[in-house]
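For reference, the structure discussed in these notes is given below.
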Amino acid sequence: MSGLSISRRGLLAGASALGATAALSACGAKTGTATSSSGAQADTSGDTVKVGLLNSLSGTMAISEVTVHNALLLAVKEINAAGGVLGKKLKPISQDGASDWPTFAEKAEALITDDKVVATFGCWTSASRKAVKPVFERYKSLLFYPVQYEGLEQSPYIFYIGATTNQQIVPALDYLKKQGLTRLYLVGSDYVFPRTANKIIKAYAEAQGMTVVGEDYAPLGSTEFSTIVNKVKDAGADAVFNTLNGDSNVAFFKEYKSAGLSAKSLPVLSVSIAEEEVKSIGTQYLEDQLTAWNYYETTPGAANTTFVKAYQAAYGKDKPTSDPMEAAYISVYLWKEMVEKAGSFDVEKVKKASEGIELDAPEGKVTVDGATQHVYKTARIGKVGSDGLIEEVWNSGKPIKPDPYLKGYDWASGLS
């Protein structure tokens, strides 16, 4: 299991954890299929079950999502080598969302209705997640989403394995404030995650005595940043909060350096740049810049050492690991533990079994909060080093309970 240590609270003992689903439905489903009320069937009748992998393998988001896909494949391979799930091997079915949100919805439906997968793992942008959300809800099929996001959402058929707002954006703002960086310029891609994240940032700033001195958006995939960077340079900001996604970051940071800006003169804190993006952008453009995540390749611990070794053995010694990859990787293991606790692939039984599932993961201890279908995660701030790796400069000390609607923050009362 590549070093993952698992503790399941209140697991059902005995043979129930070994039995496979034998579901019968009023629609006439054969034994060995799990059927939703809308008629979508997940085929569990054979020696294998299919799992869907839904990632952008082409387009502007491929810079980030190909490696997530690779991490998912690694988890599937390891689980199969260890005997599978409920005695059945997993067969991964990959679909390319092609960085196009309608395509994501189309491919999600194909995985559920044509391939009859038992669960799907993937999506990156919130736009892609929003596009597939009604599909998974309509067919009552499960999506495991691996990437940090803007919060203010909860779906009965999505497990959110990446950070929600109070586990990434709020700790990042707390960190900047403690460093005396209180005048912020917001730069993001023009879609739901950056715009919602910045709405939250502005509410935080107003309540905490910080100032947003500017806010700009670029189309996803944009490579023209001279105007935005010049505005940033002249705004009198202490720091830039960056929610750009995909290969737009390459153009932004090259323009940033060309304009004479650096981490020393005007630091940038990014929430969508991990080790893979650092390599693609170029360390010379990112050295000493800040990031906010829950995992880095350099995160200490035996589980992470084993994970990095396994990933690099599979894909190359020069291939870095990153937060979304790690979250994707553990999402397959979390689903496996839910299924085995339930003793069934049935979606409703799996959901019910999710509460309290724990992993000693590469990022540290994670626990599923069944009420929100998010996970407890440790917040980490990192700094890009000259070697392209990200070294942690701060962490929250313990896993933070997910609060997707920011109910625990008075300043966020009007956001949702």
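For the set TRP124, TRP411, TRP394, solvent exposure ranked by accessible area (probe 1.4 Å, protein chains only) runs largest to smallest as TRP394, TRP411, TRP124.
Relative to the Cα centre, the charge distribution of segment 281-416, modelled as +1 at Lys and Arg Cβ and -1 at Asp and Glu Cβ, gives a dipole magnitude of about 320 debye. With viscosity 1.002 mPa s and temperature 20 °C, the Kirkwood radius over alpha carbon pairs of segment 255-319 converts through Stokes-Einstein to a diffusion coefficient of 158 µm²/s. Quick one: net charge around ILE169, please, counting Lys, Arg +1 and Asp, Glu -1 for every other residue with C-beta under 12 Å from its C-beta. Taking every other residue near ILE169 into account, the sum is -1. At q = 0.06, 0.12 Å⁻¹, what is the log10 ratio I(q)/I(0) for the chain, with the Debye formula run over Cα points and no solvent? Treating every Cα as an identical point scatterer, log10 I(q)/I(0) equals -0.23, -0.92.
For the set TYR409, TYR149, solvent exposure ranked by accessible area (probe 1.4 Å, protein chains only) runs largest to smallest as TYR409, TYR149. In the assembled protein chains, ASP100 presents an accessible area of approximately 60 Å² (probe radius 1.4 Å).
Name the residue farthest towards the positive end of the dipole of the chain from the options GLY316, GLY260, LEU90, assuming +1 on Cβ of Lys and Arg, -1 on Cβ of Asp and Glu, about the Cα centre. In the chain, that residue is LEU90.
How large is the charge dipole for segment 165-305, taken about the Cα centre, if only the Cβ atoms of Lys, Arg (+1) and Asp, Glu (-1) carry charge, to the nearest 20 debye?
Working: 12 positive and 16 negative charges, 75 e Å.
So the dipole magnitude of segment 165-305 works out to roughly 360 debye.
Here the relative contact order of the chain, from alpha carbon pairs under 8 Å that lie six or more residues apart, stands at 20 percent.
Once all protein chains are placed together, MET210 keeps about 20 Å² accessible to a 1.4 angstrom probe. Quick check: net charge around GLU276, other residues with Cβ under 11 Å of its Cβ, Lys/Arg +1 and Asp/Glu -1? The answer is -3.
Ranking of ARG380, ARG129 by solvent-accessible surface, largest first: ARG380, ARG129 (1.4 Å probe, protein heavy atoms only, all chains present).
Considering Cα pairs under 8 angstrom that are at least six residues apart, work out the relative contact order of segment 211-285 and quote it in whole percent.
Numbers: 69 pairs, mean separation 26.4, N = 75.
Normalised by residue count, the contact order of segment 211-285 is 35 percent.
Quick one: Debye curve from the C-alpha atoms of segment 193-240, no solvent, what's log10 I(q)/I(0) at q = 0.22, 0.25, 0.26 Å⁻¹? Ignoring solvent entirely, the Cα scatterers give -0.90, -1.05, -1.08. As a size descriptor, the averaged projected area of the C-alpha convex hull of segment 327-416 was calculated at 7.9 nm².
For the chain, the dipole from Cβ point charges (+1 on Lys and Arg, -1 on Asp and Glu) about the Cα centre works out to 820 debye, to the nearest 20. From helices alone, the chain scores -11000 deg cm²/dmol at 222 nm; the rule is -39500 (n - 2.57) for each run of n ≥ 4 DSSP H residues, then divide by the residue total. Across all directions, the average flat footprint of the convex hull enclosing the Cα atoms of segment 86-142 is 4.0 nm².
If you roll a 1.4 Å probe over the chain with all protein chains in place, what percent of the accessible area is carbon or sulfur?
Working: 7230 of 14960 Å².
Heavy-atom surface of the chain belonging to carbon and sulfur, 1.4 Å probe: 48 percent.
Quick check for you: with a 1.4 Å probe and neighbouring chains kept, what is the accessible area per residue of segment 47-157, in Å²? Don't skip to the end; give the middle numbers.
Numbers: 3280 Å² over 111 residues.
Computed with neighbouring chains in place, this is 30 Å² per residue.
Hydrodynamic estimate: the Kirkwood radius of segment 128-244 over Cα pairs, inserted into Stokes-Einstein at 37 °C and 0.692 mPa s, corresponds to D of 211 µm²/s.
Which entries in the list LYS88/LYS309; LYS202/LYS407; LYS317/LYS377; LYS257/LYS383; LYS336/LYS407; LYS377/LYS398 go over 19 Å, if you measure between the two C-alpha atoms of each? From LYS88/LYS309; LYS202/LYS407; LYS317/LYS377; LYS257/LYS383; LYS336/LYS407; LYS377/LYS398, over 19 Å: LYS88/LYS309; LYS317/LYS377; LYS336/LYS407. For the chain, the residue among GLY188, THR67, VAL366 whose Cα projects farthest onto the positive side of the dipole built from Cβ charges is VAL366.
Using θ = phi - 60° in the Karplus curve 6.51 cos²θ - 1.76 cosθ + 1.60, the 3J(HN,Hα) couplings for segment 380-397 round to 9, 9, x, 10, 6, x, 5, 8, x, 8, 10, 9, 5, 10, 6, 9, 7, x Hz; x is entered for Gly and Pro.
The values are calculated or read from the model by the stated rules, or taken from the named source; none is laboratory data. Here the structure is a predicted model, which means the values were calculated and not measured. Heads up, the Cβs are rebuilt from the backbone with ideal geometry, glycines too, and the neighbour counts pull from every protein chain shown. To get the accessible areas, we keep the full protein, side chains included, count just its heavy atoms, and leave off ligands, DNA and RNA. Shrake-Rupley method; radii C 1.70, N 1.55, O 1.52, S 1.80 Å.
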